[in-house]
Amino acid sequence: MNDLQKKIKSRLQAAQHVLITSHVRPDGDAIGSSLALALALLDAGKQVQVVLSDGIPASFKYLPGTEIIRTKADGEFDLIISVDCSDLKRVGDALNAYHAPDIVIDHHVTTEAFGILNLIEPEAVATASVLTRHMKEWGLAITAPMAANLITGLVTDTLGFRTSNTTPEVLRQAADLMELGADLSTFYYRSLVQRTFVEAKYWGAGLSSLECADGVIWATLTLADRKASGYNGKDDADLINIVSSIDGAEIAIMFVEQSVEKTKVSWRALKPNIDVSQVALRFGGGGHKAASGAELSGNLVEVRERVLAATREILN
């Protein structure tokens, strides 16, 4: 092990009360990575809280260990870990009244080193892949419940092993996790295919807003759309994955109104030579070359105009 791995192992072994957190509007990798690490530390005799400021979407409540997730921390901790989060502000309110993370584990190319120990591997397809690489080195055994969470992170961040950064290593990791008891077909279906009636109605509203011009395709979801469909989440219910599968554009964008003065934006590069993380950084966001996001202040119409103009600049 290199020096960083030794230090992380030492901190994990010494800790007794651990807080694990991740980013707002958590996805499959954030949830799966948080739970896998938490379950491993619980098995090692630690007291662990997983704190996600937005809680967990209903679509992931089938994962092993979700009952330990809470929206606010309670008590004192001798170790705080952030997983799958590119900067401190994206943690949301989870660390209010607590210090910044002691350990940051992530795979985003735009990740800031906001911890004391920062394990950032941007070549990894998911934070779940980073954990699968290193947990055994840290003395943490991977059992079937942990494997289920880790394979969910791999599946969701690669869109079912379809993204251009999918490597032989991640396929080997998936095979190893299957041998440990993870049912790939089940987690693939529940993470990427299965949708509720409410989510389908929400998608319908977004798809009816589709526009395409100058190499960019985009869709919009408003607060009114969320209310009309009955969708309780603050995200797009993964509609960006459908928008980005439509032929005829180079970049796909999803606009999701969060409030009258705030809009979440997601970008997807549809060609390997395009880096959407650079435009996301301009708006205070970040992510990967092929997939990035940001949350912008301003009303929906203003944000959409600014983002479309900046996105077309990188194409030109």
Qualifying positions in segment 155-199 - in contact with a Ser or Thr (Cβ under 6 Å, 6 or more places away or on another chain) and either closer than 22 Å to His108 by Cβ or not β-branched (Val, Ile, Thr) (or both):
Val155, Thr156, Thr158, Thr166, Val170, Gln173, Phe187, Ser191
Could you tell me whether Ala237 is assigned by TED's automatic domain parsing to the domain that holds Leu37 and not acidic (Asp, Glu)?
no
Quick one: how many residues across segment 286-316 are assigned to a loop (DSSP other than H, G, I, E, B) and among the small types (Gly, Ala, Ser)?
2
Matching residues in segment 61-105 - criterion: being basic (Lys, Arg) and without any contact (Cβ under 8 Å) to a residue 40 or more places away in the chain
Lys61, Arg70, Lys72, Lys89
Name the single residue that is nearest to the chain's Cα centre (by Cα) among those in segment 55-94 being surrounded by 14 or more Cβ atoms within 10 Å (Cβ to Cβ) and among the hydroxyl-bearing types (Ser, Thr, Tyr).
Ser86
Looking at Leu63, Leu52, which is the one that is touching a strand residue (DSSP E or B) at 6+ places or on another chain (Cβ under 8 Å), of a type in the set (A, V, I, L, M) and modelled with pLDDT of 95 or more?
Leu52
Report, by residue number, each residue of segment 250-284 that is under 29 Å from Ala113 (Cβ atoms) and touching a residue at least 60 places away in the same chain (Cβ under 8 Å).
Ile251, Lys264, Pro272, Ser277, Ala280, Leu281
Can you tell me which residue among Gly230, Gly206 is among the small types (Gly, Ala, Ser), within 23 Å of Asp54 (Cβ to Cβ) and surrounded by fewer than 13 Cβ atoms within 10 Å (Cβ to Cβ)?
Gly230
Would you mind finding the one in Ile20, Ile56 that is assigned by TED's automatic domain parsing to the domain that holds Asn96, touching a residue at least 60 places away in the same chain (Cβ under 8 Å) and among the hydrophobic types (A, V, I, L, M, F, W, C)?
Ile20
Looking at the structure I just gave you, is Ala113 assigned by TED's automatic domain parsing to the domain that holds Val170 and at pLDDT 95 or above?
no
Is there a residue in segment 219-234 that is in contact with a helix residue (DSSP H, G or I) (Cβ under 8 Å, 6 or more places away or on another chain) and farther than 23 Å from Gly204 by Cβ?
no
How many of the residues making up segment 246-285 are closer than 19 Å to Val109 by Cα and in a strand (DSSP E or B)?
6
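The values are calculated or read from the model by the stated rules, or taken from the named source; none is laboratory data. In this text the structure is predicted, and so the values were computed from the model without any measurement. Using ideal geometry, Cβ is built from the backbone for each residue, glycine included, and neighbour counts are taken over all protein chains shown.
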